[in-house]
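This report concerns only the one structure given below.
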Amino acid sequence: MRSSPAAKPRQQQRPRCRGRASLLVAVALTHGCARVPTETVTTAPRAGAPVTVRSGPPSAHDEIGRRVIARDLDATWERGDGYLIVRVTEARQCQLIERVPVRRTVTTRRKLDPGVYFLYALAAVALGVAAYAYARPADFSSSTKTDASGAAVENLAPGYLTAGILTVGGSVALGAAIFQTARARKETRLVEGYAVREGPVESCAPPRVPAVGRRVRVRVGGEAREAVTDADGVARLAWPGDASSPALFVDDAPVEWREHDAASAEAPLARVEDPG
């Protein structure tokens, strides 16, 4: 009789998971969720006197410290012997700007992103599957190996590897979800500082002052002369010809002006001088 060759042992077919799928699940579990912070700022006055804001030269403020925000020019002229006298004044508008001491209460509320609950669910699934893989690693193995006697036995290493990957991924996801949950609370901070307060727009004190350092250009026909106003807002230009209807430009801007009337002249205006 012929002896038939020994039949190879048949491996039992079981549903198995691949390590690649386990790795994808672990990567998905480690994806964090961003918190959504919202801030509310409440400002209240605190003890302390307001401080007037001063910036720029003295001519930028009036006598009580208000800032000059508008200047309207007014000019008159009169003729002398061979020269023309131009007087330029400023009608000023001022505004009081103060730094007021305040206390700001900053309330920060951190709300959970819905993804945090998804992390909890994935962590539960991953750790449950990992426990099953530890209990039955054969269901997650698809290879065999030869033992010392030469017999083919099932290789359980892939099953334990899958269980380890799922355990790590599930633990990371669970830790991230717990951390985000612990941060979801309300925080309050007190910050002391100053707020800028603007007052109404009013006439300055004094309301009219000489326009100092203005470049004046007078033109009659095709002839023109230039000069700079002094501390009294006066510019003197040599003018031998007729100046009955000259055109006036102050800092290259045309200005409406009138002939000076000595009978209705006002008292000398207060000077506003810069140091130096």
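Looking at 164, 196, 153, which one has the Cα that reaches farthest to the positive end of the dipole of the stretch 145-199 (charges on Cβ: Lys, Arg +1; Asp, Glu -1)?
Of the candidates, 196 comes out farthest on the positive side.
Report the net charge of residues surrounding residue 91, where surrounding means a beta-carbon distance below 12 angstrom and charges are Lys +1, Arg +1, Asp -1, Glu -1. Before the final figure, lay out each step's value.
Details: positive: 71, 92, 208; negative: 72, 74, 90.
Here the charged neighbours net out to 0.
Can you tell me how the stretch 75-194 classifies by the Cα gyration tensor, rounded, prolate or oblate, using a/c under 1.5 as the rounded cut? It would help to have the intermediate numbers written out before the result.
Details: a/c = 8.54, a/b = 3.82, b/c = 2.24.
Prolate.
Can you classify the stretch 155-251 as rounded, prolate or oblate using the Cα gyration tensor, where a ≥ b ≥ c are the square roots of its eigenvalues, rounded means a/c under 1.5, and otherwise it's prolate if a/b beats b/c and oblate if not?
Numbers: a/c = 8.92, a/b = 3.56, b/c = 2.51.
Verdict is prolate for the stretch 155-251.
How many angstrom lie between the C-alpha centres of the stretch 181-232 and the stretch 104-134?
56 Å
Since every read-out is calculated from the coordinates, none of them should be taken as a lab result. Model, not experiment: these values are computed from the prediction. Please note: Cβ atoms are built from the backbone with ideal geometry, for glycine as well, and neighbour counts cover all protein chains shown.
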